[in-house]
1. Compute the Rg/Rh shape ratio of the stretch 3-151: radius of gyration over Kirkwood radius, all on alpha-carbon atoms.
2. Between residue 7 and residue 68, what is 0.36 nm times their sequence separation minus the Cα-Cα distance? Round to one decimal in nm.
């Protein structure tokens, strides 16, 4: 897959998530992106792009006029990586929500080994920005978050 194809897929995912996605800290601790739709083909495409190993849940409604819904959930570090990847493509309300989630996720202390490695790298980057620009931590975090968004890069 070339860069143009990858960019197109990321932009498409961002558009779907902007309109239909749910970004939150599940139980106040775990970063999560959830998408629920009645269109199985769209859910499958999103799943295949974001995390092919994710299961698709089927949600059947008891009411007569409700269609079956399909749900995917991306959790933890992968959810954070996707939030950073699509950040620059989101509207102001979603951007604010993503910032809240990342701050909450960092403050919980409930992270996997990969999450801790991720935070160690980010802490070093924040400290570097603080030292180079001689600014407080909050400003450095904001600069780093804005940079992730502008670059559209995935957090490794």
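1. 1.02
2. Details: separation 61, 0.36 × 61 = 21.96 nm, distance 3.07 nm.
Contour length minus the Cα-Cα distance gives 18.9 nm.
Each reported figure results from applying straightforward, stated rules to the coordinates on display, with no laboratory input. Worth saying up front: this structure is predicted, and the values here are computed from it rather than measured.
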